[in-house]
Amino acid sequence: MNSTLPIRHALAVLAVSLALSACTSTPPPPPPVVDTTTPAQRMAAVQNIAGVDDKEVSVQPLRDPQVDDLREAAGERRAAGDLAGAADALNQALLLVEDDPGVLQERAEIALLQGDWARAETLARKAVSLGSRTGPLCRRHWATIEQAHLARGEKENAASAHAQIEGCTVPGIKRY
């Protein structure tokens, strides 16, 4: 009997084992969750959160008539589906009043509708830094920031922005 037979048999088993182990693979990663929320649905969420509460304080600034005309033109273009035209009108208004939180917010909302998440967030953050910390406009700022984060899949940042929304509602003074 040949004494090398058990060694050959062991080597053959080892070779087959190595070949089979090379064939195994890790399972593919799960497919990423695709967010199918449309820009229009994101905008509806912003408008829904903003709401109007007749029991809270809301201060509205006086505006330049030319800025009001541009804002109105932007609204008409937006309603007609011309988002680029609406953006242009609001960009012109921002050239006149670059620090107007209301105009910044309106431009942020157009960016949201255009799917330009980074710009929407940047404009809304600038509006937050310049504007009132209360009322519907404040809620619109934070809701826009929240939607921009959600659109980019940044759930923790979206939750943080959402937490800011509640602080925007301050009840009016009760008079007896």
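The values are calculated or read from the model by the stated rules, or taken from the named source; none is laboratory data. Here the structure is a predicted model, which is why all the values come from computation and not from measurement. Positions of Cβ are backbone-derived with ideal geometry, glycine not excepted, and every protein chain shown enters the neighbour counts. For the accessible areas, the whole protein counts, side chains as well, though only heavy atoms, and no ligand, DNA or RNA atoms are used. Shrake-Rupley method; radii C 1.70, N 1.55, O 1.52, S 1.80 Å.
Among L150, L104, L130, L90, which is modelled with pLDDT of 95 or more and open to solvent by 30 Å² or more (accessible area, probe 1.4 Å)?
Of L150, L104, L130, L90, the one residue that is modelled with pLDDT of 95 or more and open to solvent by 30 Å² or more (accessible area, probe 1.4 Å) is L150.
Go through the stretch 62-176 and tell me which helices (runs of 4 or more DSSP H), entirely inside it, have 2 or more residues that are under 14 Å from the mean Cα position of the chain (by Cα) and either farther than 17 Å from G51 by Cβ or in contact (Cβ under 8 Å) with a residue 24 or more places away in the chain (or both). Lay out the reasoning, then the answer.
On the way: elements: 65-79, 83-96, 101-113, 117-130, 135-151, 155-166.
Hits in the stretch 62-176: 101-113, 117-130, 135-151, 155-166.
Please work out which one of (1) modelled with pLDDT under 90; (2) within 30 Å of R175 (Cβ to Cβ) is the condition P28 fails and give its number.
Every listed condition holds for P28 apart from (2).
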